[in-house]
1. Any residue in region C:246-271 that's within 12 Å of C:Ala147 (Cβ to Cβ) and free of Cβ contacts under 8 Å to residues at least 60 places away in the same chain: show its pairings with residues that are polar (S, T, N, Q) and open to solvent by 20 Å² or more (accessible area, probe 1.4 Å) at Cβ separation under 7 Å, as long as the two are six or more apart or on different chains.
2. If you take just the helices (runs of 4 or more DSSP H) that sit entirely in region C:29-147, which of them hold at least 2 residues that are of a type in the set (Ser, Thr, Tyr)?
3. Can you give me the number of residues within region B:121-132 that are over 20 Å from B:Gly56 (Cα atoms) and surrounded by fewer than 23 Cβ atoms within 10 Å (Cβ to Cβ)?
4. Does C:Gln237 qualify as being in the same structural domain as C:Met184 (by TED's automatic domain parsing), more than 16 Å from the chain's Cα centre (by Cα), more than 26 Å from B:Val123 (Cα to Cα) and among the polar types (S, T, N, Q)?
5. Please indicate, with yes or no, whether at least one residue in region C:179-187 is open to solvent by 10 Å² or more (accessible area, probe 1.4 Å) and either within 11 Å of chain A (Cβ to nearest Cβ) or of a type in the set (Lys, Arg) (or both).
6. Does B:Ser60 satisfy the criteria of being touching a Pro at 6+ places or on another chain (Cβ under 8 Å) and either touching a residue at least 12 places away in the same chain (Cβ under 8 Å) or among the hydroxyl-bearing types (Ser, Thr, Tyr) (or both)?
7. Kindly provide the set of residues from region C:222-249 that are polar (S, T, N, Q) and buried (at least 20 other Cβ atoms within 10 Å of the Cβ), ordered by number.
8. Looking at (1) away from every other protein chain (no Cβ under 14 Å); (2) under 27 Å from C:Leu20 (Cβ atoms); (3) surrounded by 19 or more Cβ atoms within 10 Å (Cβ to Cβ), which one does A:Phe156 not meet, given that it meets all the others?
Amino acid sequence: MATENTRPQDSADTLLDVERTFTDRLAYAGRFLWRDRSGVVGLVLFLIVVLAAVFAPQLSHYDPLEQNLRDNKMPPAWSEGGSWDHPFGTDNLGRDNFARILYGARVSLTVGFFGVLIAGGLGMVVGAIAGYVGGRFDDVIMALVNLVLSLPYLLFVVFIASVLGRSLLNVILIFGITDSPIFARVARGEVLRMRRSGYVESAISAGARWPRVLFDHIMPNLIGPLITLATFEMSRMIFYEAGLGFLGLSVPPSVPSWGNMLAAGRKYLTSSPWIAAFPGLAIMFTSLGMNLLGDWLRDVLDPRLRRARK
Amino acid sequence: MPAILKVRNLVTKFHTLDGIVNAVNGVSFDLHEGETLAIVGESGSGKSVTVMSLLGLIPSPPGQVEGGTALFSGPGGQRDLLKLSRQELREVRGGQIGFVFQDPISSLNPILTIGEQIAESLVRHQMMSREKARERSIELLTVVGIPDPRQRYGNYPHQFSGGMRQRVMIAIAIACSPEIVIADEPTTALDVTIQAQILDLFKRLRETLGMAVIWITHDLGVVAGIAERVLVMYGGRVLEIAPVDDLYERPQHPYTHGLLGALPRLDERESRRLVSIKGNPPDLLIPVRHCPFAWRCEYAFDRCWQEIPPLSPAGIQHKVACFYSIEQGGPRSD
Amino acid sequence: MHRYFLAKLGQSILLLLGVLLLVFVMVRITGDPAALMMSRESSPEQLEAFREKMGFNRPVLVQFADFSSKAIKGDFGLSLHFRTPALQMVLERLPATLQLAAVGLLMAIVVAIPLGLVGGFNPGGLTDSVGRSLALLGQSIPNFWLALIMILFFAVRLGWFPSFGRDEIKSVVMPAFVMALPVMGQLMRLTRSAVLEIRGEDYIRTARSKGLEPKTIYFKHVLRNVAIPLISVIGVQFGYMLGGSIYIETIFAWPGMGQLLEQSIGWRDFPLVQAIAVFTSVIVLALNLLTDMAYALIDPRIRYGN
């Protein structure tokens, strides 16, 4: 807390403005606690999803693909006609919904993780080099970045997915490549900012060559803002993967993914609404967790990122 | 010379999540009619918070004025600024006390014309019509030395240089002929040559308008040319207050000594910051029960660690808060 | 001002060329556009005849020159499924999508901006907490799923709204709401953070130091500055809604461009897909251009800048 220059932008929340009361002051202190707590909630939700994915075989003895037409469309355990043997009920082919949700987490996290890994890796390297080298290379890269970011994103993703066909690898590649410009833009901005600061200058004047400066001095400082961005983008990819699945454009129909489950459940919406309800809740649960986590990371790691995606 | 502003035992704290920041700890001073008082100190000494507290301009929460009085003799008689209602305080701000801030780039609203930003103060305080306020604003632009004021009236801040924007800020501050102008490091963000111009402008305005000025700065070099008296602050307390010549000739506090030692020589063009006193500014989170400067003071002895030295006379109009006398080479005799 | 506008226009034209190239390349990524567009059962002869008809046998550069010069004139060829000009099909669907996006955007604005303003002026207050929770929820609920749930409750169970189609005025309510929800969240957060940021600016301190009334400070000094980022985001969001209507139009059988896109993908009718992609991009680019101009009108730094 700066006391001398009581410039309020030192913290967006300690407002210079106007007339405040004691309750406002309490709320001010409380909000930070709440914010931290919401970050913890986000982390817990996210970890639950990760654990569900990792320990799917231990958590349910059902095979997510095993059909049992005699027991099809069983409602969840707590409604009439349900059984704790199938806690979330069964789908139209008698497959266990709980097992499918658990295994579906694997698909979502795989797409999210590798998608972000590709997008982040590609974007960070290209963006950092563009920002560092500048000139013609920077111009070309930024033109490409602007092109992709000004397009109707979802429409083009649907378009490419429909051309390439349904496979896990295709989905990962599509998200990895189409999402890299956002990382590139953030990385470039950070590099430009750092170049203007003194310590990079001093490294250069000490005779370091550019790859060395870039990888030893600049890259490590990029990690913070990029981790926050990665959290949000991973959440977005999980969202979009499910969306593609819903349209029948993601992983093959045989794979138990949340999007595929939603697409299948949609047909039985009025008679067996739980088939579509659980995958939707799973997506919401994951997305909520990652958004909370991302907000928290942003506050902790880098307040400037707020302007990154506009 | 009667005092236009009498501040006594001002205490301001910031309630942050890290703890309570004791920003201003019992500051007292008088400002005389028509004089310029410089408040000098490092960042974190509480010099800005002191004046901002007087007019309800500290961010609150977390800031809170917790004690003291500030008797202001304005047109409405003598009133305690700290006891005024928000409405009354708004009448004083801009109307009887004007402000100039450090950074002229960010202190003007980028999407309003500079003319509008001067005129709105006149409309607010002097009940002028739009047209009258416009004419008066153009006059004010002339007064602060903006060429082509009639054309410039409709310009936006980004069309001005930093020095010109600071002139606009000064026009805003003096618009309603205030009794006091508070200038918070008004030259710090400017180049040296522009600094000199702004200083000259201030001196000229003070002569013609006769207002009192509180000039906040960390730069003792600037003070000599503009102020009559100097108040040295440290850790939210007043360490020394003296007429400017007296302070330069016989500084009484070891801290002031340090500050003057850190001054650049006359042949150096640039004024350096106050860097050459060893140690760091005090941590205001910890309330002190001894001299706040003791940690960094080479003369500190037992008593300095046991009680807070009171501000006591050390000459004509000269007061110092120190138990040690450098001139006598030993503890000050009470 | 003119130069600013011309630069933006030039940028948009370059982006448009980029879009054409992208759309052209995309149907050729797999190597054989004919196989992509024909059914899997087609014989080699049928494929060859199709290639001949579509001109896929010509050198790629010739094909691109042909495609882009026709596209600029609005000619995307015939829809394979309907055998009518593709652009005409798209244009027929445009009003429905525009209506949906406009109603959705209006809903989002009406809810989000007041909530964001209250939140920004009184952070930590009750309205702020409620608003921020709603925003978080709005951004976390998958809209394709929410659409299903809403149909289940409000159409099937309660019968308040029709579950599909565009026959009644009421029909637009549910799809527009679902479309608005994520936008609402984003707009609210942005409004809130813009208010917080502007309130902390030095020039607001200056305004306060002049003794201005709080009302004047809010309306004249804060809100006008808040409007600048809002305008740009509203423009971008409108484009996002136009291009992202595919789920909602599909689920609610809303006869707009999104539904047409979903259908044409099912029919492997790629000339139609290309027409939709280019046309939507043109609208989005035009919106961005309009936004930039609106920006310049409010912000003198751009209006008088170089």
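The values are calculated or read from the model by the stated rules, or taken from the named source; none is laboratory data. Quick caveat: nothing in here was measured; it's all calculated off a predicted structure. Here Cβ is always computed from backbone atoms with ideal geometry, including for glycine, and neighbour counts include all displayed protein chains. Just the protein is used for accessible areas: all its heavy atoms, side chains included, with ligands, DNA and RNA removed. Shrake-Rupley method; radii C 1.70, N 1.55, O 1.52, S 1.80 Å.
1. Pairs that qualify, where the first residue is within 12 Å of C:Ala147 (Cβ to Cβ) and free of Cβ contacts under 8 Å to residues at least 60 places away in the same chain and the partner is polar (S, T, N, Q) and open to solvent by 20 Å² or more (accessible area, probe 1.4 Å), are C:Thr250/C:Gln259.
2. Qualifying helices (runs of 4 or more DSSP H): C:60-72, C:126-140.
3. Narrowing region B:121-132 to residues over 20 Å from B:Gly56 (Cα atoms): B:122-123, B:126-132.
In the following step, the residues that additionally are surrounded by fewer than 23 Cβ atoms within 10 Å (Cβ to Cβ) were identified as B:123, B:126-132.
Residues that pass the stated criteria total 8.
4. no
5. Yes: one or more hits.
6. It is false that B:Ser60 is touching a Pro at 6+ places or on another chain (Cβ under 8 Å) and either touching a residue at least 12 places away in the same chain (Cβ under 8 Å) or among the hydroxyl-bearing types (Ser, Thr, Tyr) (or both).
7. C:Asn225, C:Gln237, C:Ser245
8. So the condition that A:Phe156 fails would be (1).
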